[in-house]
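In what follows, a single structure is set out as structure tokens and then discussed.
No value in this document is a laboratory result; all are computed from the given coordinates. The structure displayed is predicted, hence computed values, not measured ones. When we count neighbours, we look across all protein chains shown, and the Cβ atoms used for this are built from the backbone with ideal geometry, even at glycine.
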Amino acid sequence: MAITVEDVTKVPFYNFHDPIPSPPSPLTRKLPTFKPTLPSLYSSTILLEYPEPAAVPAPTELNHPTSPPPKPNLFLTLPPELRLLIYTHLLTNHDHDHRALSVTNNIANNRPQFSTQNPIHLYHPHHHSNKKNNLHPSILLTCKQIHAEALPILYTHNTFSTTHPTQLHHHITSIGPLNTSLLRSLHIFVPWSNSSSTIWSWIVLLHNLSEHATGLRYLEIGWDTNIPWLTHMEPGDEARGLGDNILFVHALARLRQLRKLRIYGFFGVEWPGYLRRELGGGGTVVEVECGLLRPVVLEHLDGGGDEVGGSSNSMGRGALEKARVEWKENMKAFGLFQRGTVGIVP
């Protein structure tokens, strides 16, 4: 088919140099709208609502009976002065066991009784003179207030006695540093047996007492010796005991917190003067008793002999005569021991 000129002129002519028209803006376009067909949230949440729980009545509104309030400790309502008297009665040993009044056991058994007013003896399997203490320390477990009020009485109103360093060292470790500082009075008796194996334990113990027993004010210490063998022993023999040991007396001189130091038994001839020089400047009073018997034994028997009559009076005279004989033997043994310490200067 032939194309004529008229057909060509009917087609609109497009000039490629004209600008290209831009498409319409997207914002002007109409977006299709959709109608929500889901049910409203309000209608769906109505099904999820739960009724509020009923109010629980207060504990006071229950039918169960209420427990009564705790009763106050009536003991703590007592005046403090009265409570202290009760503590003293329960925690103080009332067995007045005086070494000075035990005559028969001193020289015969070579084991003196203790001279403290209220002694508490630490247990030792070879020491048979211990008596049961009439203490009631269970009161300390009642409550904290009673424990705080009564505990100082236990350590300040009693004298703790021992014959071996391990006993006292274990006691100090178990009660702790605070209670150790409350210790007021100690009695130490040093037996002659096994003296060479215990010397360092004694020195360590005395050092610990000087450092931690800051409240210690009274110390009574005695040294034993094997009296029957004194004539056969030389200075340094184990059976002589530790009464002439320089290391021991040096450690003893470290206890500068003492008010009174009493030494007895068998010790070096220079010991009293040395201890007075070392401790006297701090106000410590050093008392000395020779041997294991005290002169007060004779005074006690002399005073008691006039109060009884008949057979009791004859028994008193017999005990007095026996005490005098033992006193002479005691002084003889003491002088023999000290002659072996001449020239030993601490």
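Based on the Cβ-Cβ distance from His170 to Val285, what FRET efficiency comes out when R0 is 35 Å, to the nearest 0.05? Efficiency, from the Cβ-Cβ distance: 0.70.
For segment 150-219, what does the alpha-carbon gyration tensor say about shape, rounded, prolate or oblate, given a ≥ b ≥ c as the root eigenvalues, a/c under 1.5 as rounded, and a/b over b/c as prolate?
On the way: a/c = 2.22, a/b = 1.82, b/c = 1.23.
Note, shape of segment 150-219 comes out prolate.
Between Arg339 and Ala239, what's the calculated FRET efficiency when r is the beta-carbon distance and R0 is 22 Å? Round to 0.05. Given R0 = 22 Å and the Cβ-Cβ separation, E is 0.85.
Note down the net charge around Ile263, summing +1 for each Lys or Arg and -1 for each Asp or Glu among other residues with Cβ under 10 Å from its Cβ.
Summing Lys/Arg as +1 and Asp/Glu as -1 gives -2.
How much net charge surrounds His212 when only the other residues with a Cβ under 15 Å from the Cβ of His212 are counted, with Lys and Arg +1 and Asp and Glu -1? Walk me through the numbers before you get to the answer.
Values: positive: Arg184, Arg217, Arg254, Arg256; negative: Glu211.
Net of charged neighbours comes to +3.
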